[in-house]
1. How far apart, in nanometres, would the label points at Leu141 and Gln101 be if each is projected 7 angstrom from Cα along the Cα-to-Cβ direction?
2. Please arrange His41, His58 by counting, for each residue, the other beta carbons lying within 10 Å of its beta carbon, fewest first.
3. State the antiparallel share, in %, of DSSP beta bridges confined to the chain, rounding to the nearest 5.
4. For the chain, what's the relative contact order in percent, using C-alpha pairs closer than 8 Å and at least 6 residues apart?
5. What is region 1-85 by shape, rounded, prolate or oblate, if you read a ≥ b ≥ c off the alpha carbon gyration tensor as root eigenvalues and call it rounded for a/c under 1.5, prolate for a/b larger than b/c, and oblate otherwise?
6. Defining a contact as two alpha carbons under 8 Å apart and six or more residues distant in sequence, what relative contact order in percent does region 5-78 show?
7. Taking Cα pairs under 8 Å and at least six residues apart, what relative contact order does region 106-163 come out at, in percent?
8. Taking 0.36 nm per intervening residue step and subtracting the Cα-Cα distance, what contour gain separates Val131 from Arg52 on full extension?
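Here, each number is a calculation from the coordinates, and none is a lab measurement. The shown structure was predicted, so the numbers you read here are calculated from the model rather than taken from an experiment. Quick reminder, even Gly has a Cβ in these numbers, built from the backbone with ideal geometry, and neighbours come from all protein chains shown.
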Amino acid sequence: MHGRYNVLFLCTGNSARSIMAEAILNFRGRPAFTAYSGGSHPAGAVRPEALRELERAHLPTTGLRSKSWDEFAKSGAPELHFVFTVCDNAAQEVCPVWPGQPMTAHWGIPDPAAITGSPDEVERAFREAFVTLDRRISLFLALPLSTLDKLALKKAVDRIGQQ
């Protein structure tokens with residue numbers, strides 16, 4: 001693989017984890033990567049806590065919105081090279097499945113939007129999700145994509161999801 005890559009981050013609600021991943025990769029991966037996000041059951045709004053984490057990291061938040069993954073299955077949608085699910089099976093969440101030819105991997109992260117508790121506990125959950133996504137995306141960006149065959153690349157992106 002080589003060139004410019006389109007990456008879709010999927011989650012159920014598309015209000016926190018997938019949104020943060022989209023913003024992180026669009027900033028850190030430019031110009032070789034363009035990131036998108038979507039949800040199988042979009043919440044309709046981005047969580048303010050997710051936006052605060054992005055702003056704290058000095059990442060752009062303009063244009064971020066909760067949207068359906070259907071946007072990326074329509075005619076004229078960008079051709080996707082990678083699709084990463086970031087929902088957490090352990091939390092009994094249903095992860096969307098993406099059909100087609102892009103390379104897929106599951107990078108499960110506990111849902112910070114599901115945390116109830118003190119404001120500090122909620123903030124900590126969003127911070128932990130952000131840090132995990134940032135670390136995984138940094139590892140992904142360090143992969144020598146142009147020199148890996150498809151099987152080696154698949155193994156590498158799956159391993160990143162276990163980090």
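1. Roughly 2.8 nm, to one decimal.
2. Details: His41 13, His58 7.
Going from sparsest to densest Cβ surroundings: His58, His41.
3. Values: 0 of 16 bridges.
The antiparallel fraction comes to roughly 0 percent.
4. Numbers: 304 pairs, mean separation 42.0, N = 163.
RCO, the chain: 26 percent.
5. Working: a/c = 2.20, a/b = 1.15, b/c = 1.91.
It is oblate, given that a/c is not under 1.5 and a/b is not larger than b/c.
6. Values: 139 pairs, mean separation 26.8, N = 74.
Relative contact order for region 5-78 comes out at 36 percent.
7. Working: 29 pairs, mean separation 24.6, N = 58.
Relative contact order of region 106-163: 42 percent.
8. On the way: separation 79, 0.36 × 79 = 28.44 nm, distance 1.32 nm.
Extra length available between Val131 and Arg52 comes to 27.1 nm.
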